[in-house]
């Protein structure tokens, strides 16, 4: 992939710039969806919010890796898998599970900021 001249083309660099530009609102949306899941009344409401969050993370994981942010893509994918596991349990989230997911979302945001900054430097 690194040998492909497309990845040094102005078109690809523009796509990367657009990805970075759209990243902050995507992260806000992820945090808002998490707040719905964490504050849900249980049952189907929480599972639905967890599935929506997993979908957002799935989309982020694919695009991040494509646009020069592989660590962000990996973090998003790992969090997506964890959410699928939690949603499949069919019970409300425990406080420790909520704290773990909250911490992983904070780490995801930090990774996004770091990788977006590195990408802008190059």
Check your understanding: Going by the conditions given, is residue 117 out of contact with any strand residue (DSSP E or B) (no Cβ under 7 Å at 6 or more places or on another chain) and over 30 Å from residue 14 (Cβ atoms)?
Key -> no
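Just to be sure, is residue 26 loosely packed, with under 13 Cβ neighbours inside 10 Å and within 30 Å of residue 4 (Cβ to Cβ)? It would help to see each step written out before you state the result.
Numbers: loosely packed, with under 13 Cβ neighbours inside 10 Å: no; within 30 Å of residue 4 (Cβ to Cβ): yes.
No; evaluated as a whole, the condition is false for this residue.
If you check 96, 112, 82, which single one turns out to be surrounded by 14 or more Cβ atoms within 10 Å (Cβ to Cβ), over 27 Å from residue 21 (Cβ atoms) and modelled with pLDDT under 95? Quick ask: steps written out before the conclusion?
Numbers: 96 fails: surrounded by 14 or more Cβ atoms within 10 Å (Cβ to Cβ); 112 fails: over 27 Å from residue 21 (Cβ atoms).
Residue meeting the stated conditions: 82.
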Study note, to complete from the structure: In the range 71-113, residues that are closer than 17 Å to residue 27 by Cα, touching a residue at least 12 places away in the same chain (Cβ under 8 Å) and over 11 Å from the mean Cα position of the chain (by Cα) total 3
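Across the range 21-49, what is the total count of residues that are under 13 Å from the mean Cα position of the chain (by Cα) and touching a residue at least 12 places away in the same chain (Cβ under 8 Å)? Show your work before the answer.
As a first pass, look at the range 21-49 and keep what is under 13 Å from the mean Cα position of the chain (by Cα): 22-34.
Next, from what is left, pick out any that are touching a residue at least 12 places away in the same chain (Cβ under 8 Å): 23, 26-27, 29-31, 33-34.
The qualifying residues number 8.
The values are calculated or read from the model by the stated rules, or taken from the named source; none is laboratory data. Quick caveat, the model's predicted, so the values are computed rather than measured. Don't worry about glycine lacking a Cβ; one is built from the backbone with ideal geometry, like all the others, and counts go over all protein chains shown.
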